[in-house]
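Student: Once you've had a glance at the structure underneath, I'll fire off some questions.
Rule-based calculations on the coordinates, nothing more; no lab input. From a predicted model like this one, the values you see are computed outputs, not experimental measurements. Glycine also receives a Cβ, built like all others from the backbone with ideal geometry; neighbour counts cover every protein chain displayed.
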Amino acid sequence: MSKYRYGDLILEAFMEFRRPMALEEVIEYVAEMADKSVQEVRLSVDNTLTAAWMHGFVRRDKDLYCLESIIKPDANEPDEARSTGSPATFIEPRLDSSRVKSKRRRRR
């Protein structure tokens, strides 16, 4: 069995609270949602968050973890469209970009 577990619940925690979270907060959320004790999920959540941090999916600032954007910014786009740690401010401008609209037109 994989040691990186509860990734879906960790992502759900970040999307639910939409703010940087301490490791303990994430562990408590996962334990509650998985209906398990904090001790049962602690190591798996810690391993998964550490792996996410090492691969650049999560940013760590002191003792707080923050979800990083997965979409790489275009060099041609203005700085305000780049990640600020909030998914809504980063993704929404890209949905209106001409590149996305042209891809939608080609699919039709």
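Student: D for the stretch 7-67, whole µm²/s, Stokes-Einstein with Kirkwood Rh over alpha-carbon pairs at 4 °C and 1.567 mPa s: what number? Let's see the in-between values first.
Tutor: Values: Rh = 11.3 Å.
Rounded, D is 115 µm²/s.
Student: Calculate the spin-label point distance for Trp53 paired with Tyr4, positioning each point 7 Å from the Cα along the beta-carbon direction, and give it in nanometres.
Tutor: 1.5
Student: According to a simple spin-label model (label point 7 Å from Cα along Cα-to-Cβ), what is the distance in nm between Gln39 and Glu12?
Tutor: It works out to 2.4 nm between the two label points.
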